[in-house]
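Everything below concerns the one structure shown next.
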Amino acid sequence: MMEQWKGKVAIVTGASAGIGAAIAQALVHHGMVVVGLARRQEKMQEMSEQLAKSKEPGKLYSLKVDLRQEEDILAAFDWVYSKLGGADVLVNNAGLAVCGSIRDGKTEDWRNLWEVNVLAVTICTREYLKTLEQRKIQKGHIFIINSIAGHTPDVYTYPVYTGTKYAVRAISQCLRRELAEKNSSIKVTSISPSMTRTEATRHLLDQLESQAILEASDVAQALVDALATTSVTQICEMVITPIPTNLIY
């Protein structure tokens, strides 16, 4: 069912590495036009060139965006609308993970967490919905790459990070209801993986030598599976853990 999205446009935040990069590559592989938003534009450009050399059916564009800056986000959505006609799929993937307790926490770290993990998600979602309204389209798909921490707070002892993940889970549930009340066909899917091997988690992996860990490609495949559902099927929540696991939620 991914044929229905061939040639369509997807915006992926945090596409320069990790889960975002894996998602961008997977969507290009299925023939989508992907616009990656991240601060490290050069890494996305390198990936774009590699995908082109591999003759993948889709295409990757890269835009330098600091998701803590609303003007950057607005400019990116304007570019996508003017150059590509607007996005059909939005993947809110970018996120920060700040460890530590409340007692030892730094205000600036917390502010960055909320700006990237929560506020940027809501701004991107608002701008995406605006462009769909301008195009008079009510078919689309919004993804939020969440975390298992947004379902069970005792998985990670990072209180503020966990709070941001509970927040976006609540936002996705409210958004889904809001769209349903308008008889919209726009889908909202929250994907919550457990520990995944990325640049951001590299410093934690030594502590998990005996624990199975997800790969970024596992999360990307889950997103593709949700995107490929029929027009009447909406996967609302996906919680992904490796096998075997001792994570119970």
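Some notes on this structure:
- Unmet requirement for residue 39, which otherwise passes all of (1) of a type outside the set (A, V, I, L, M, F, W, C); (2) in contact with a Lys or Arg (Cβ under 8 Å, 6 or more places away or on another chain); (3) within 10 Å of residue 93 (Cβ to Cβ): (3)
- Checked across segment 129-150, the condition of being part of a helix (DSSP H, G or I), open to solvent by less than 20 Å² (accessible area, probe 1.4 Å) and at pLDDT 95 or above holds for at least one residue.
- Hits in segment 151-184 - residues which are surrounded by fewer than 21 Cβ atoms within 10 Å (Cβ to Cβ) and of a type in the set (Lys, Arg): 169, 176, 177, 182
- Under the condition of being closer than 22 Å to residue 224 by Cβ and either in contact (Cβ under 8 Å) with a residue 24 or more places away in the chain or in contact with an Asp or Glu (Cβ under 8 Å, 6 or more places away or on another chain) (or both), the residues counted in segment 44-74 number 10.
- Taking segment 83-104 as the range and being open to solvent by 30 Å² or more (accessible area, probe 1.4 Å) and in contact with a helix residue (DSSP H, G or I) (Cβ under 8 Å, 6 or more places away or on another chain) as the test, the residues that pass are 95, 96, 97, 98, 99, 100, 101, 102.
- Residues being open to solvent by 60 Å² or more (accessible area, probe 1.4 Å) and touching a helix residue (DSSP H, G or I) at 6+ places or on another chain (Cβ under 7 Å) - total across segment 44-60: 1
- So residue 249, is it among the aromatic types (Phe, Trp, Tyr), out of contact with any strand residue (DSSP E or B) (no Cβ under 9 Å at 6 or more places or on another chain) and either at pLDDT below 95 or open to solvent by 30 Å² or more (accessible area, probe 1.4 Å) (or both): no
The values are calculated or read from the model by the stated rules, or taken from the named source; none is laboratory data. Worth saying up front: this structure is predicted, and the values here are computed from it rather than measured. Quick reminder, even Gly has a Cβ in these numbers, built from the backbone with ideal geometry, and neighbours come from all protein chains shown. The accessibility values were calculated without ligands, DNA or RNA, using every heavy atom of the protein model including side chains. Shrake-Rupley method; radii C 1.70, N 1.55, O 1.52, S 1.80 Å.
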